[in-house]
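These notes concern the structure reproduced below.
Each reported figure results from applying straightforward, stated rules to the coordinates on display, with no laboratory input. Predicted model only: the values in this text are computed from it and were never measured. Cβ sites come from the backbone with ideal geometry, for glycine too, and all protein chains shown count toward neighbours.
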Amino acid sequence: MPGTQKLGPSVQRPATSTPSTRPGTLRIPATARLERDAQARPRVVPHLSVAERVARGKAARAETPRSSHAGWRPSDLRPDPVALLEEQGDTRVQELLPIRYGRMVFSPFAFFRGAAAIMAADLAPTPRSGLIVQACGDAHLANFGAFLSPERRLVFDINDFDETLPGPWEWDLKRLAASLEVAGRNAGFEAAARRDVVMTAVREYRDTMARFAEQHTMDVWYANLDVEAILAQVREAKAPKGKGEQQRRVLARTQKLIDKARSKHSLRALDKLTRMVDGAPRIKADPPLLVPLSDLLSDEQARDIQKALLSIFRRYRSTLPDDRRHLLEQYRIVDVARKVVGVGSVGTRAWIALCLGRDGGDPLFLQFKEAQPSVLEAHLGRSRYANHGRRVVEGQQLMQAAGDIMLGWTRISGFDGEQRDFYVRQLWDGKGSVDLEDPTPHGTGIYAKMCGWTLARAHARSGDGIAIAAYLGTGDSFPRAVADFAAAYADQNERDHEELAKAVESGRIAAERGV
């Protein structure tokens, strides 16, 4: 990987109700409402020749020159960034918003992580080629990581799809590039080193897309990055001159990532997140970050919820393929808790459910995470799916090479009577993220390359990789333009972060730091 080493795909093909009206209860929507959502609308699919797809990509250059992606300048009509955050907060759990703002105000990089809605509004008027993919919508560098595939191999991929929607491929790549620039500033990298990291990511995206454009469709579909294979590549590669110590740190951190991911499973969650009550495991309280459902409700509400949980569980289970449904039916829900997650997600409703299989030592932890409208929808139109949980699941399955076998969705009416969409996944299943503390330019460059490869693979699976490759070409016109954009947008991000800090200082925004 380092230097001139190419990231190569590892290709492996897998084996073959009636709603309650009592106050304070969770109500399950009518079956017909979810069945309507489950029907995919048929569409006509054009099949162009390779030559026609190449011509389409090259023609887009005339409409949108690659150099036009450079730079960033806010318009006079740019909305107040703090007001956008406040607007997002209107539909969230109000008591948790100070935690969100406290995390975002910590640094410009923390602010960037939570500012997907702000950047989506800023990207909307920027040039685009007209080539559409399934966009992640929030492809910053911390939303990539490692997790165990169904075959129990540790793979590197995008790991957050809350904002996914069909959209311009450029938006994902610009968000990734800007995040690398912002993170480089946060780490104290020199300007030249930051630009080199950003260019590395964009060039890898370009080169990977070009390679995929030459490959068979099924090979593109199954391509993935095996983390342990990457570690072997780094070990075998000769470190650039003067980078030996940085290379050793990269190896140590990658091994730490592997060890952490492989140890992060439901048995460890059982040990870390539960306590014994009357001889049975129950989720323990760690307020405000982890609060059992029983601590949030009256006794009467708790009894109602316990009855409703079974219906909720069945409704989610019905969105799984038959084999996964059979597997899940061997577990029963025994406890539920509200959990605060992430930076930008804080305030959206997120629950974890402790399920037990054969006995108290056979746990499965599921996360029910609220799916609100994508931040891209204000600029690209509404999702084709009536349920935003399904929007997240469908987008994730389209972009990821290997997904969570328990991925599903549901819709719940909460204590306030409002219907909300959720997607469901395993809480811990070999998940690991790269340590972003005290990074080096060399190590960040390797990571940037992995992110560029992964994003190109996701876009090649979901869009016209041949046309995108033809648009990008082989030169540095586009990488240079995106690097210029990233530097300019990082300046804007610092100004926006400062606006949030002022809002906290003035009392306009309540922020709880260090939580």
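Charging the Cβ of each Asp and Glu at -1 and of each Lys and Arg at +1, and nothing else, the dipole of the chain about its Cα centre rounds to 1040 debye. Counting charges near Asp464 (Lys, Arg +1; Asp, Glu -1) among other residues having Cβ under 13 Å from its Cβ returns a value of +3.
Simple rule: put +1 on each Lys or Arg Cβ and -1 on each Asp or Glu Cβ in the chain, find the dipole, and look at His47, Ile118, Phe156; the Cα lying farthest toward the positive end is His47. Applying the Karplus relation 6.51 cos²θ - 1.76 cosθ + 1.60 with θ = phi - 60° to region 135-141 yields 3J(HN,Hα) values of 7, 5, x, 8, 7, 7, 5 Hz, where x marks Gly and Pro.
Using the Cβ of Glu370 as centre and a radius below 10 Å, the other residues enclosed give a net charge of +2, where K and R count +1 and D and E count -1. Got a sec? Charge dipole of region 192-344, +1 on Cβ for Lys and Arg, -1 for Asp and Glu; which of Val202, Ser298, Ile333 is way out at the positive end? The listed residue farthest towards the positive side: Val202. Among the GluC sites (Glu not before Pro) in region 81-157, those placed in a DSSP loop whose Cβ has at most 11 other Cβ atoms within 10 Å are Glu151. For region 425-508, applying the loop criterion from DSSP together with a ceiling of 13 other beta carbons within 10 Å to the GluC sites (Glu not before Pro) yields Glu437. Considering only Leu380, Gly408, Gln396, and ranking their Cα positions along the charge dipole of region 355-419 that arises from unit charges at the beta-carbon of Lys, Arg, Asp and Glu, the one farthest toward the positive end is Leu380. For region 342-495, a crude dipole built from +1 on the beta carbon of Lys and Arg and -1 on the beta carbon of Asp and Glu, taken about the Cα centre, is about 520 debye to the nearest 20. From the coordinates of this entry, percent of Cα pairs over 33 Å apart is computed, and it appears in (1) 49; (2) 61; (3) 40 under the label (3).
Among the listed pairs Lys260/Lys339; Lys264/Lys431; Lys369/Lys449; Lys260/Lys284; Lys307/Lys369, those with a Cα-Cα distance over 18 Å are Lys260/Lys339; Lys369/Lys449; Lys260/Lys284; Lys307/Lys369.
A helix-only calculation puts the chain at -15000 deg cm²/dmol for mean residue ellipticity at 222 nm, using -39500 (n - 2.57) for each DSSP H run of at least four residues, averaged over all residues.
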